[in-house]
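Accompanying notes for the structure given below.
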Amino acid sequence: MNKIIAFDMDDVLVELLDTWLNVLNRHHGLHVKREDIVDWDMKKAFPTLTDFQLYGVLSYPYLWKEVQVKDNGPATIEKLLSEGYEVIVVTASSPSTISTKLKECLFKYYPMLTYHDVVVCHKKQLVKCDYIVDDAPHNLEGHDAIKFLMDAPYNQDCSEDLYDFRVKNIGEVYDIIKQIENIS
């Protein structure tokens, strides 16, 4: 059986945070920067916004059209697939946004993936895989897979016990997996 690599979508395969900040700053005349987001709770960086103002923009189709691909993601995913790995996207997306974000963003940059490669769930520990890559430490906590934490300003204080490797892009994930598998 092929080894399974589970990738989170937002801020792992695509750059959601930058676009989200740009849209919020434009809409509300603010100047919050990426490095200001030092906590998983976005509300702390936007204390004057209501939950609807802060999270409602995630349901705007134009936001997902503006989101950019992260680093060398598509080439790395292609390489993993060509080497026989099974790649899945595990996202905790809202039912109200999932269709738009997949169509307008994920499949635009990753046409080699389909709906059959996407798992929507909030308890990512339930997804069986050999490797998991996420930017949210709570999604890695207690997972049985080899865990990669995608570096972000909001996860700098994360306990090193929650992940096996901290990475800056999925090219690093690929390199580490190849090192692990050449050793074992």
**Message:** Exactly one of these conditions fails for W20: (1) in contact (Cβ under 8 Å) with a residue 12 or more places away in the chain; (2) aromatic (F, W, Y); (3) surrounded by fewer than 16 Cβ atoms within 10 Å (Cβ to Cβ). Give me its number.
**Reply:** (3)
**Prompt:** If you check V57 against the conditions, is it in contact with a strand residue (DSSP E or B) (Cβ under 7 Å, 6 or more places away or on another chain) and over 30 Å from E181 (Cα atoms)?
**Reply:** no
**Fill in**
Taking segment 129-162 and keeping residues open to solvent by 20 Å² or more (accessible area, probe 1.4 Å) and either part of a strand (DSSP E or B) or of a type in the set (F, W, Y) (or both) leaves I146, K147, Y154
**Request:** Specify the residue that is nearest to G84 (Cα to Cα); the eligible residues are those in segment 106-128 that are of a type outside the set (A, V, I, L, M, F, W, C), open to solvent by less than 50 Å² (accessible area, probe 1.4 Å) and in a helix (DSSP H, G or I).
**Result:** D117
**Complete:** Of the residues in segment 51-84, those that are among the hydroxyl-bearing types (S, T, Y) and surrounded by fewer than 19 Cβ atoms within 10 Å (Cβ to Cβ) come to Y55, S59, Y60, Y62, S82
**Item:** Residue identified as touching a Phe, Trp or Tyr at 6+ places or on another chain (Cβ under 7 Å), open to solvent by less than 70 Å² (accessible area, probe 1.4 Å) and not hydroxyl-bearing (S, T, Y) among I98, I177
**Value:** I177
**Complete:** Counting only residues in segment 76-105 that are within 24 Å of N169 (Cβ to Cβ), of a type in the set (S, T, N, Q) and not in a helix (DSSP H, G or I), the one nearest to the chain's Cα centre (by Cα) is identified as T91
**Request:** Could you tell me whether segment 117-133 includes any residue that is free of Cβ contacts under 8 Å to residues at least 12 places away in the same chain and not aromatic (F, W, Y)?
**Result:** yes
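The values are calculated or read from the model by the stated rules, or taken from the named source; none is laboratory data. Owing to the predicted nature of the structure, the values given are computational and were not obtained by experimental measurement. Because the Cβ atoms are built from the backbone with ideal geometry, glycine has one as well, and the counts that use them run over all protein chains shown. Protein only, heavy atoms only, side chains kept; ligands, DNA and RNA dropped before computing areas. Shrake-Rupley method; radii C 1.70, N 1.55, O 1.52, S 1.80 Å.
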